[in-house]
Ligand SMILES: [Zn+2]
């Protein structure tokens, strides 16, 4: 962690790389080999049935979040959790990620109306149950807690007078051979949740506005209730007098919230977001929400219906453009098609990087398809987060994957085939979970591949 903090202070570019979502090198034309010998793909998906990875748990969140004038928070999370696995549950394990960076004071924890004992260590809340929970049975988990946001938190921090709250509530993991709760890691996303419905009531000081995964007016007013359906998580930003640019495009309200950028810069960056949303909606299928909020502050990261990228004043424009396009592409690859980012991070990051590069090539005439330093050695891109020491995740997931995926599509009419492939991929797998084996099964069927030779050396297959 110290190493990350040091690096963060050294370079803004590296700081975005370390955000765990977006990483690119800006010049790598030499690595792109253009070939005109393209095979045409006439894919026949008749008879192909997607085999989704089942979540094993289902959750419905009913929460309250109150912030006072001193920036202290009180929260109340009531979650109805249903067992969809074939095992009887004897305990609950939930992510409480803010506890990694700031003490979380739990004032009450009940299951089905009764106070329960628990342990909270790092981001793991463990609650033994007195009675087992069988298939299709539910429990009501209810936790009241308090916290103060740290200034140096990771995706959960106060920056100036603004408060950014990712993962601010207890999050229910998927369940497969036990709770799928992996150790916290800061080199990627070590949490994995399934699609859920959320209701969040808020109460904030007068001079602030809330901006979230769900739809809300701007300025939000002191209090209200926000809903979001079929989303993996619920992000909250609480900002003081943000600069806002807003326009509707294809029935989607795009809002960009800056801190102190000039109007000119905001408008320019906003134009890129508009073009990216238009291209992705047209190419992959409709954007899944009525609103897209883009906060220009903090690390580059995707959340459902809202993304964050660094302030437009702090990073080179070229880098910012790519970051915005990348985080918007995640709304399809993460937001709609899901994968476990601890074990299969390469899938959503790989498809997002491919989509980003396709946008840059088509709309900004830039060639940019990943890069990989040979000196890192041969290692697959589909290992778990803890198999990549230090910053190696950036070489193997953000570098090797787009490069290899692009090499594959380059042999099949390039971007044209990649666009058609991703459109089918979203259509078949939306609101489903995919893993490495299923992804390979699909792409082999789509490109009519006879064997695994195109994945040799960069994917570890069974
Ligand atoms: Zn990403």
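Computed over the chain, the per-residue total of -39500 (n - 2.57) for DSSP H runs of n ≥ 4 gives a 222 nm mean residue ellipticity of -7500 deg cm²/dmol, rounded to 500.
By other beta-carbon atoms within 10 Å, ranking 86, 76, 123 with the fewest at the front produces 86, 76, 123. According to the Kirkwood relation over distinct C-alpha pairs, the hydrodynamic radius of the range 147-233 is 15.0 Å. For the chain, the relative contact order works out to 17 percent when only alpha carbon pairs closer than 8 Å and six or more residues apart are counted. Considering only the range 57-241, what is the antiparallel percent among its DSSP beta bridges, to the nearest 5? Approximately 90 percent, going by the DSSP bridge assignments.
When Rg and the Kirkwood Rh are both derived from Cα coordinates, the Rg/Rh ratio for the range 57-241 amounts to 0.96.
When each of the peptides 383-394, 339-350 is scored by how many other beta carbons lie within 10 Å of its residues on average, the order from highest to lowest is 339-350, 383-394. Pairwise alpha-carbon distances in the range 255-308 exceed 15 Å for 51% of all pairs.
Each residue in 431, 334, 412 was given a count of other beta-carbon atoms within 10 angstrom of its own, and listing them fewest first yields 431, 412, 334.
Ranking of 296, 129, 354, 454 by neighbouring Cβ atoms within 10 Å, starting from the fewest: 129, 454, 354, 296. In vacuum, with every alpha carbon of the chain counted as one equal point scatterer, what does the Debye formula give for log10 I(q)/I(0) at q = 0.09, 0.10, 0.11, 0.12 Å⁻¹? Two decimals, please. Taken in order of the listed q values, log10 I(q)/I(0) reads -0.58, -0.72, -0.88, -1.06.
Separation of the range 420-444 and the range 200-233, taken as the distance between their Cα centroids, equals 33 angstrom. The separation of the range 263-287 from the range 66-102, counted between C-alpha centres, amounts to 34 Å.
No lab work stands behind these numbers, since they all come straight from the coordinates. Keep in mind it's a predicted model, so treat the numbers as computed, not measured. Virtual Cβ from ideal backbone geometry, glycine too; neighbours counted across all protein chains shown.
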